[in-house]
Amino acid sequence: MKSLVPAGLPAASPERSAIPDFFTHLWAVTDSELRKLRHDPFELATRAVQPTLWLVVFGQVMARVRGFPTGGRLGYLTFMAPGILAQSVLFIAIFYGIATIWERDLGILHKYLVSPASRVALVLGKALSAGARGLTQAVFVYLLAIVLHIDANFNPAAIALVLVIVILGSAMFATLSLIIACLVKTRERFMGIGQVLTMPLFFASNAIYPLSLMPNWLRGISAVNPLTYQVDALRALMVHGGGSTLGVGIDFAVMAITLAVFVTVGARLYPTVIV
């Protein structure tokens, strides 16, 4: 009888403990998703368009406006760069769930669900593969920072932490996207909800203007917006003189807790997408 376990996903073995099996399954799911990216490198080039337009066009124009209190002598382009990185990560990850609907229609999802991998490993594996796509955006933004003379922090430790924040943010929003896919179950509804979510998440954050400029009601919304914490952490780590309004430790904790909640919910809802 032909195995129902997807290619690359090892079968369960009674001699192996649960923890090594979990990480083996996690890597198998992540690797299967990354292969799609390796087979379509043109996607990387198209992903570079959005941050380029925001920094080169919007950023250059808004840099001439002197009314933004960006903090000290921080230029607007420097202030904006971490926010555009976070925005690029968001825009990639928030539509990641549509792949789940495609996998259901092609029958791939059914094979995943009868495999020995836990639902958490399946959901977290897909989330981590979204993180790899987010890393490509970080590379593009750092290259743009060099070209546009943005005062970026190229300290290796700072860059390493930026990459961790990018992976965490990508995984967080990709898991939210998967939850939406499990709830709506159709590509048309998913695309509509994804488009509705992206702009409010972006503009109700500190990506392109500081929290101090927001009215109180919008500041309250930004406090529960995960993107706000990602931008705050990136701004403290990615550019010289950026600083953190909320504290990098708090930013990281909020993102990690949010991801844990999303993965838990996503793992419970994942099987329902085929119903």
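Read-outs throughout are calculated quantities, based only on the coordinates presented, and are distinct from any laboratory measurement. As the structure is a prediction and not an experimental result, all values here were calculated from the model. Every residue, glycine as well, gets a Cβ built from its backbone with ideal geometry; the counts of neighbours run over all protein chains shown.
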Measuring from label point to label point, each 7 Å out along Cα→Cβ, what is the Ala132 to Val265 span in nm?
2.7 nm
So what J values fall out for the range 253-258 if you push phi through Karplus, 6.51 cos²θ - 1.76 cosθ + 1.60 with θ = phi - 60°, rounded to Hz, Gly and Pro as x?
5, 4, 5, 5, 5, 4
Amide hydrogen neighbours beyond the local backbone of Val239, cut-off 5 Å, H modeled
Asn153
Structure-derived P(r) over Cα pairs in 10 Å bins from 0, in percent: which label, when the choices are (1) 6, 28, 35, 23, 7, 0; (2) 7, 28, 33, 20, 9, 2, 0; (3) 7, 31, 39, 19, 4, 1, 0
(2)
Highest-MSF residue in the chain out of Ser118, Ser170, Ser205 [GNM, Cα springs under 10 Å]:
Ser118
Specify, per residue and in Å³, the volume enclosed by the convex hull of the alpha carbon atoms belonging to the range 63-153.
133 Å³
How large is the dipole of the range 177-275 about the Cα centre if only Lys and Arg carry +1 and Asp and Glu carry -1, each at its Cβ, rounded to the nearest 20 debye?
260 debye
The chain, dipole about Cα centre (Lys/Arg Cβ +1, Asp/Glu Cβ -1), debye to the nearest 20:
320 debye
Directionally averaged shadow of the range 211-275, computed from the convex hull of its alpha-carbon atoms, nm²:
6.0 nm²
At 222 nm, what value in deg cm²/dmol follows for the chain if DSSP H runs of at least 4 each add -39500 (n - 2.57) and the sum is divided by all its residues, to the nearest 500?
-22000 deg cm²/dmol
Residue by residue through the range 141-148, which ³J(HN,Hα) values in whole Hz follow from phi under the Karplus form 6.51 cos²θ - 1.76 cosθ + 1.60 (θ = phi - 60°), with glycine and proline marked x?
5, 5, 5, 5, 4, 5, 5, 8
In which sequence would Arg235, Arg35 go, from the one with the fewest C-beta neighbours within 10 Å to the one with the most?
Arg35, Arg235
Across the range 211-219, in residue order, what do the Karplus-derived ³J(HN,Hα) couplings come to in whole Hz, using 6.51 cos²θ - 1.76 cosθ + 1.60 with θ = phi - 60° and x for Gly and Pro?
4, 5, 7, 6, x, 4, 5, 6, 5
Qualifying aspartates and glutamates (Cα of each under 14 Å from Cα of Lys36; at least 8 residues distant if same chain)
Glu103
What is the Cα radius of gyration of the range 160-216 over 2.2 N^0.38 Å, N being its residue count?
1.40
Centre separation in Å (Cα based) which lies between the range 189-210 and the range 160-185
14 Å
